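Just passing along the structure, written as structure tokens.
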């Protein structure tokens, strides 16, 4: 999978990341095309763990594989931004 086919955005709070994920799922996008990562302060992106939803010190990254999602890049970018995300240059590697 070419990295250019994957977009990602950072979200300050879990609820915003969840809103983006929900929007993509509501469009009928397969869950396997969507990535979710928790980012601890000063740490690297990782898979979410139990209890992360109770932590307010984490930021969140949502990624979307455009090829697998079969969605236009502009539509996906607009959705990420609308839900409160800031696009980032490199999506984390799937775990």
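The values are calculated or read from the model by the stated rules, or taken from the named source; none is laboratory data. For clarity, every value in this text was computed on a predicted model and none was experimentally measured. Virtual Cβ from ideal backbone geometry, glycine too; neighbours counted across all protein chains shown.
Here's a check for you: in segment 1-15, which residue that is assigned to a helix (DSSP H, G or I) and surrounded by fewer than 17 Cβ atoms within 10 Å (Cβ to Cβ) is modelled with the lowest pLDDT?
Quick first cut of segment 1-15, residues assigned to a helix (DSSP H, G or I) only: 3-5, 14-15.
Still in the list and also surrounded by fewer than 17 Cβ atoms within 10 Å (Cβ to Cβ): 3-5, 15.
Numbers: 3: 49, 4: 65, 5: 90, 15: 95.
Selected residue: 3.
When you scan segment 45-76, how many residues do you find that are surrounded by 11 or more Cβ atoms within 10 Å (Cβ to Cβ), under 18 Å from residue 29 (Cβ atoms) and more than 11 Å from the chain's Cα centre (by Cα)?
Residues in segment 45-76 being surrounded by 11 or more Cβ atoms within 10 Å (Cβ to Cβ), under 18 Å from residue 29 (Cβ atoms) and more than 11 Å from the chain's Cα centre (by Cα): 8 in total.
Still on this structure, please answer the following. Being at pLDDT 95 or above and in contact with a strand residue (DSSP E or B) (Cβ under 9 Å, 6 or more places away or on another chain) narrows it down to one residue among 76, 89; which is it? Let's see the steps before the verdict.
On the way: 89 fails: at pLDDT 95 or above.
Only one candidate qualifies: 76.
Does segment 16-44 hold any residues that are exposed (fewer than 11 other Cβ atoms within 10 Å of the Cβ) and assigned to a loop (DSSP other than H, G, I, E, B), and which are they?
28, 41, 42, 43, 44
Looking at segment 80-89, is at least one residue part of a strand (DSSP E or B) and either in contact with a helix residue (DSSP H, G or I) (Cβ under 9 Å, 6 or more places away or on another chain) or at positive phi (or both)?
Of the residues in segment 80-89, the ones part of a strand (DSSP E or B) are 86-88.
Then drop every residue that is not either in contact with a helix residue (DSSP H, G or I) (Cβ under 9 Å, 6 or more places away or on another chain) or at positive phi (or both), which leaves 86-87.
The answer is yes; a qualifying residue exists.
Pairs needed: first member in segment 6-30, in contact (Cβ under 8 Å) with a residue 60 or more places away in the chain; second member anywhere, assigned to a helix (DSSP H, G or I) and surrounded by fewer than 14 Cβ atoms within 10 Å (Cβ to Cβ); C-beta distance under 7 Å; at least 6 residues apart or different chains.
As it stands, the answer is 7/73, since those pairs meet every condition given.
Right, something else. When segment 45-68 is examined, which residues are found to be assigned to a strand (DSSP E or B), more than 14 Å from residue 16 (Cβ to Cβ) and touching a helix residue (DSSP H, G or I) at 6+ places or on another chain (Cβ under 7 Å)?
Narrowing segment 45-68 to residues assigned to a strand (DSSP E or B): 46, 59-65.
If we keep only those that are more than 14 Å from residue 16 (Cβ to Cβ) as well, we get 46, 63-65.
Result: 64, 65.
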